[in-house]
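Reviewing the structure listed below.
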Amino acid sequence: MLLKGLLTVLPLLGRLRGAAGDLLSDIENALANATDCASCHALLLPLQTLAHLGNAAFVDTIVALCDASGLEDPDVCQGAIGLEGPILAHDLRQISALGQTATKFCDAVFGLCDPPPVNAFAVPFPRAAPAHPRTFKSTGRPPFQVVHISDVHIDRFYTVGSEANCTKPICCRNFADQSGAPSEPAGPNGNAHCDSPVVLADSLLEATEQFAPDAAFTLFTGDVVEGAVWLVNETEVTNDLAAFNAEMAAKLKGPIFPAIGNHDSVPVNSFPRNTTVTTIGSQFVFDTQSAGWAQFIGAAAAAEVDHNSGSYSVVVSGMNLRIISVNTQYWYKQNFWVYDSDTQQPDPNGLLAFMVQELQAAEDAGQRAFIIGHMPMGKEDALNDQSNYYNQITQRYKNTIAAQFFGHSHKDQFEIAYSDFNDQTAETATSIAIIAPALTPTSGNPAFKIYDIDPDTFEIMDARVYITNITAPDFQTSAPQWELFYSARETYGPLVTPPLPASAPLDAAFWHNLTEVFAANDTAFQMFNTFLSRGGDVQPCDDDCKTVTICDMRALRAENNCDNPTPGLMFKRDGNGAEPPVSESDACEGHGTAHILKALVSRSQNDHAQNFARVRRSDRVPRSVLQD
């Protein structure tokens, strides 16, 4: 019980006196009563008062609540909240508790508000779309191959023989507070409770060369750093990024076009806007990747990474193709820096304008374009405003954009954009985003994709998924064995009506037609549901789940998805290793502060009846609350 735990923890942290006692009481009652958006706004009032007492007071109080609740081990509470808590305190000192930004804050941090209506903003374009845009026609030449890898989450502290069935969000490490013989020793090649060991990542890179030895290039859509977000520091992030850059350079022959992921900074998801004054910056990420990626993308594009918030554009050598890599984290709900102003900022750091500039250059040059990034723009954790503005850009340049490529969800998915989201048909489907599955075994069997690309239109002709089966009997006793899991063309092509012709691409219209198949044919849909986790962590999906899933396929604009995450569902793995239910957005963010606060709200409500009264009588709080 939460308050029973509080009575144990708080006496160790100092005795409360005077007005601060009322503040703690207000916070505890507000947490217990936070059941909807209005009550979340009310919760922000005492949290703002706490934030004005200083970062230390804010962090220590939330850590104490986390410790008392038992939601996570003490080191996880201290580490995650200690890193991200100052950002939340900064936000709360800057905004009105009753304004629109506060509503967005309540949505992202507590899951208690729906996103507010999109703020009207017309993205400026240099000129209108041409009346007769250039068309790209295939001449029937053989396709070339492109490799797509994502979400490698390499844990360089992975320890063979350590406990794989621990109580922490990520296991397979020698944690200081664990003792005794492990109940499930970590094998050398990875475990479903753990992020990727180095040998698994190396195996992936080698497998891409095995199955696509002549690939024209590789796309990497981000997330190098492992998920122990409560322990990560700047040194580790810098070293992890540099190490994986070196590994890709050593093992991949062709050009590599990478993107930055939300885990590739510290604290996790932390990318302050240029307008924010803070000592917690992310420029070190851009400096590191600018230096590391220069060998892949050239000096000019590398300079853009350094000076353009991690984004760049480059024309592929020998091709009529421009690749635009965008740091989508400035449009990510879990980047808490976007909630530090009541003034709406439609284009943080000018990245939408950068996209327009580069797509206009591609249109002027008669090029096609691939957009790559980490977070797909239709997900529940994409900010609705920026997703809407992003969609304006993709609609304006729909004849230039051949395809979009993302990661982040850890799942094998796709999302479709429409010229009219109120009339979703094959005819109105204008753009397709392909989402790569992850390497990390925490989300299913490790996987990557290989695309066949038409050399004239640069459209996708096939998408093949390759996996290694972590439950195979010999997985731990020999090198991981990779195999073809399925071909989208061979598997899905015959299902649509009429069957996909040999010369037709897997374009947005095809993927829409496939969603129609899924709606009518549950056997086909359940096959897709198995493919989501590459057969490694298949979750049942009933009719309601199927309806939401198909809705999300048709939502490359976040305001159109059908996700409605419930706060408070995620708790830590129990002592028997049982996994908690995991929402997709939580799986991407990791067990950070938002995960803890959502669960804390739920636990507080459950314990409210008798326990908060006991804490009010205890008059004990963190010592730092008494300090300015």
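The values are calculated or read from the model by the stated rules, or taken from the named source; none is laboratory data. Since the structure is predicted, the reported quantities are computational estimates derived from the model, not experimental observations. Quick reminder, even Gly has a Cβ in these numbers, built from the backbone with ideal geometry, and neighbours come from all protein chains shown.
Scanning the range 319-355 for residues that are part of a strand (DSSP E or B) and either within 18 Å of the chain's Cα centre (by Cα) or farther than 19 Å from Pro124 by Cα (or both) gives Leu321, Arg322, Ile323, Ser325, Val326, Tyr332. Filtering the range 404-436 to residues that are out of contact with any Pro (no Cβ under 9 Å at 6 or more places or on another chain) and of a type in the set (Gly, Ala, Ser) leaves Ala417, Ser419, Ala426, Ala429, Ser431, Ala436. For Pro115, the conditions (1) touching a His at 6+ places or on another chain (Cβ under 7 Å); (2) within 30 Å of Asp36 (Cβ to Cβ) all hold with the exception of (1).
Entry remark, the range 514-532: residues being touching a residue at least 12 places away in the same chain (Cβ under 8 Å) and among the small types (Gly, Ala, Ser) number 2 in total. Checked across the range 383-400, the condition of being farther than 30 Å from Arg273 by Cβ, at pLDDT 95 or above and among the charged types (D, E, K, R) holds for no residue. Taking the range 69-104 as the range and being part of a helix (DSSP H, G or I), within 22 Å of Leu45 (Cβ to Cβ) and among the small types (Gly, Ala, Ser) as the test, the residues that pass are Ser69, Gly85, Ala89, Ala102. Residues in the range 281-295 that are part of a loop (DSSP other than H, G, I, E, B) and in contact with a helix residue (DSSP H, G or I) (Cβ under 7 Å, 6 or more places away or on another chain): none.
Once the range 348-362 is narrowed to residues that are closer than 17 Å to Met375 by Cβ and either without any contact (Cβ under 8 Å) to a residue 60 or more places away in the chain or small (Gly, Ala, Ser) (or both), the residue that is surrounded by the fewest Cβ atoms within 10 Å (Cβ to Cβ) is Phe354.
Of all residues in the range 241-277, those that are of a type in the set (Ser, Thr, Tyr) and either assigned to a helix (DSSP H, G or I) or out of contact with any helix residue (DSSP H, G or I) (no Cβ under 7 Å at 6 or more places or on another chain) (or both) total 1. Restricted to the range 421-473, and to residues there that are free of Cβ contacts under 8 Å to residues at least 24 places away in the same chain and over 17 Å from Asn399 (Cβ atoms), the residue that is surrounded by the most Cβ atoms within 10 Å (Cβ to Cβ) is Ala472.
For the residues Phe125, Phe121, Phe157, Phe110, the requirement of being more than 30 Å from Ala447 (Cβ to Cβ) and under 24 Å from the mean Cα position of the chain (by Cα) singles out Phe110. Cβ-Cβ contacts under 8 Å between residues 6 or more apart (or on different chains), taken from a first residue in the range 533-549 that is assigned by TED's automatic domain parsing to the domain that holds Ser409 and over 18 Å from Ala436 (Cα atoms) to a second residue that is of a type outside the set (Gly, Ala, Ser) and assigned to a loop (DSSP other than H, G, I, E, B), are listed as Thr547/Cys562; Val548/Cys562; Val548/Asp563. Restricting Ala176, Ala216 to those that are touching a strand residue (DSSP E or B) at 6+ places or on another chain (Cβ under 6 Å) and touching a residue at least 24 places away in the same chain (Cβ under 8 Å) reduces the list to Ala216. Exactly one residue among Leu514, Leu506, Leu500 is part of a loop (DSSP other than H, G, I, E, B), surrounded by 18 or more Cβ atoms within 10 Å (Cβ to Cβ) and either on the phi > 0 side of the Ramachandran plot or within 26 Å of the chain's Cα centre (by Cα) (or both), and that residue is Leu506. Consider only pairs whose beta carbons are under 7 Å apart and that are at least six residues apart or on different chains; among these, list those whose first residue lies in the range 232-259 and is more than 17 Å from Phe286 (Cβ to Cβ) and whose second residue is of a type in the set (Ser, Thr, Tyr). As it stands, the answer is Leu252/Thr208; Leu252/Thr218; Gly254/Thr218; Ile256/Thr218, since those pairs meet every condition given. The criterion of being of a type in the set (Gly, Ala, Ser) and in contact with a Phe, Trp or Tyr (Cβ under 8 Å, 6 or more places away or on another chain) holds for Ala301.
Restricting attention to the range 128-154, which residues are assigned to a loop (DSSP other than H, G, I, E, B), on the phi < 0 side of the Ramachandran plot and within 26 Å of the chain's Cα centre (by Cα)?
If the condition is that a residue be assigned to a loop (DSSP other than H, G, I, E, B), on the phi < 0 side of the Ramachandran plot and within 26 Å of the chain's Cα centre (by Cα), then Ser150, Val152 are the ones that fit.
When the range 226-248 is limited to residues that are touching a Phe, Trp or Tyr at 6+ places or on another chain (Cβ under 9 Å) and among the aliphatic types (A, V, I, L, M), the one that is surrounded by the fewest Cβ atoms within 10 Å (Cβ to Cβ) turns out to be Leu231. What do you reckon, is Gly493 of a type in the set (Gly, Ala, Ser), surrounded by fewer than 20 Cβ atoms within 10 Å (Cβ to Cβ) and either at pLDDT below 95 or out of contact with any helix residue (DSSP H, G or I) (no Cβ under 6 Å at 6 or more places or on another chain) (or both)? So Gly493 fits the description; yes.
Test Tyr330 against the criterion of being touching a Pro at 6+ places or on another chain (Cβ under 7 Å) and crowded, with 23+ Cβ neighbours inside 10 Å, and give yes or no. Spelling it out, Tyr330 is indeed touching a Pro at 6+ places or on another chain (Cβ under 7 Å) and crowded, with 23+ Cβ neighbours inside 10 Å. Take Asp223 and tell me if it is more than 17 Å from the chain's Cα centre (by Cα) and either assigned by TED's automatic domain parsing to the domain that holds His148 or surrounded by fewer than 18 Cβ atoms within 10 Å (Cβ to Cβ) (or both). No. Total residues in the range 370-421 satisfying the condition of being assigned to a helix (DSSP H, G or I) and charged (D, E, K, R): the figure is 2.
Look through Trp482, Trp511 and report the one residue that is farther than 18 Å from Ala447 by Cα, assigned by TED's automatic domain parsing to the domain that holds Glu427, in contact (Cβ under 8 Å) with a residue 40 or more places away in the chain and among the aromatic types (Phe, Trp, Tyr). Unique residue meeting the criteria: Trp511.
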